1. Just tell me how shielded B:92-98 is by partners: mean number of partner chain Cβ atoms within 10 Å of each residue's Cβ, no decimals.
2. If R₀ is 45 angstrom, what is the calculated FRET efficiency for the pair residue B:130 and residue A:513, using the beta carbon separation as r and rounding to 0.05?
3. Restricting things to alpha carbons, tell me how big chain A is in terms of Rg and Dmax, in Å.
4. How many percent of DSSP beta bridges within the protein assembly as shown run antiparallel, rounded to 5?
5. GNM on chain B, C-alpha springs below 10 Å: top fluctuator among B:22, B:129, B:81?
6. Return one number: the angle in degrees, 0 to 90 and rounded to the nearest 10, between the long axis of the Cα atoms of helix A:389-416 and the longest principal axis of the Cα atoms of chain A.
7. If I take R0 = 60 Å and measure r between the Cβ atoms of residue A:411 and residue A:540 in this structure, what FRET efficiency does the formula 1/(1 + (r/R0)^6) give, to the nearest 0.05?
8. What is the Cα centroid distance between the stretch B:109-188 and the stretch B:1-54, reported in whole angstrom?
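Throughout, read-outs are computed from the coordinates displayed, never taken from laboratory work. Not measured: the values here are computed from a predicted model. For neighbour counting, all protein chains shown are included, and Cβ atoms are generated from backbone atoms with ideal geometry for every residue, glycine included.
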């Protein structure tokens, strides 16, 4: 079988020594992790490897010898290296030698106990140790949750390098008995800023946890649980968004270290998302409060509400006449029209009552935009909902009236045909009615049928208006959800350090020379942007739309109230 | 050693197959499609600009012209970077796996590597494509639960669509290497 040797490209220029790494016998491959230089005492090397094995749980052992001779090949050195094979007995003993600056190395194996001593082909695969160590392999989604022993061969290699971090702590310039060369040999890398931030984050997290626990204690207090207030909180989307953000902050500020990659990425994503959100919110706030734009906004709010009310009044006058050439039932028309006109009059009076306070309320409410752009958008959505409350009321009245009419009609239609709805059996049964029942039933049926166009028209108009408002609110919520769930940290990582998120590997064939082993370069194949978003999406609190198109149309036809954007955790009605 | 032979694609366009043997168990097969023709590029650009000039003559709005230039540039960049595939190659490494690469005209390369343990076989299949029946080469992936089953079919050379003679050459080269893993002692 073919022997695969994974050699770190940082060790290409290392001095002669022995190779240590992990031998994966099922795949007939050797993953070289570092080179130990002369002089060394074999016993100490074995001891060191035993310790490393115990701590990292990776079966590190001496795999072979590496000779890098600057001048011509030295015979004595090669014999010495072969003798080393007897001290560190490993089957097979790999010998790699590099002459001068040649790219083409000679690689051979020594098998003492093999049954058939045939020359097996050797494949030399170079890999970038630092990138493979830091990278995280993402298996394809459909194979997630497979058995561990069937894990892909490449993930075994990634795993080996990632878990051997302890091995990379000491290197050849340290004062120990073992002198290693690996990716840190160019100089141990660390960043002062990162270290300082790590030190500062512990007290910051504790402070944040304390503040958040106070806040959540206040929120959960009994005072806020009384019926009118709790109803209000559940209806306002701003409170939901604030609660969601509070949860996020609690996740970030918790003291437990992230167990695995997913949790770490989630914490980082939430942190960056909250940061960007607050930054955008402060930007919006500074824009709003400069040149007193908030004052202008408050000044235009009342005229806009007035204008909407006037438009509605015109609409109702049009409906009370002959809308689109249709002939309405005059009496019912006048009743409904006057009823709705009176409602609009009440609404306008309330708005005018509030008008002196609008500017101040808006000024203070606008300050809460500093909590985040999502909060500002939710406030906008709530303001729209409050301003169009009369449209919602009209829709409910129209829908209820229409619904009653439809149910009455269907029940009387059954009476017309001599049938009845059996509540026990949930089906239609035949029934014998008395003559006076039939007479009254038919009369009522006729009345309801001829009044249907009027009610249907009012219902249609107000449903369309309500749907318009719902669509606008839905778009705002869609934007809020997008900002909430986008994994910004993962996307930036994919852009700047694409080797951290790996979908797989890719191989490139390097220059070959006859008689020398096959040389390949293993590079990391990064995850696509779509894959990144799909894997690391943050969960949001809303799930919509609730109904499919067919059931929505059915509800509209029957006059049942529709609430297309339903939030998770709300009781189904 | 490298050799190159000319073939035709399913739609009649000339394509070239290049075979390189890097070692006893490593082979690279690359199919290169026809390059972007200057003729078709200038024809498309002139058509768009003539239409824009006609609209400008009708509406007297100079924004139409700048919009047409913008659209042409963006369209060309999108075409070169996402649509036009110059070369599709297959790298078969006996003990490691099969790597499928598509190189786009703008230089972008999109690579997928399938490990040898997941590969069940490489076969030539027939498919109905629009009004024609064409042959295509595909890799059958092993189903982890069922040793006889196939979990996925990965079609190769989808944009260049070589004809059967070219596919047979590629098939033979692949099978020579895949057979080696059957003769080698399997260690599970």
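1. Going residue by residue through B:92-98 and averaging, the value is 6.
2. 0.40
3. Values for chain A (Cα only, Rg and Dmax): 37.6, 123 Å.
4. DSSP beta bridges in the protein assembly as shown are roughly 80 percent antiparallel.
5. Comparing B:22, B:129, B:81 in a Gaussian network model of chain B, the most mobile one is B:129.
6. With rounding to tens, the tilt is 70 degrees.
7. 0.90
8. Cα centres, the stretch B:109-188 to the stretch B:1-54: 22 Å.
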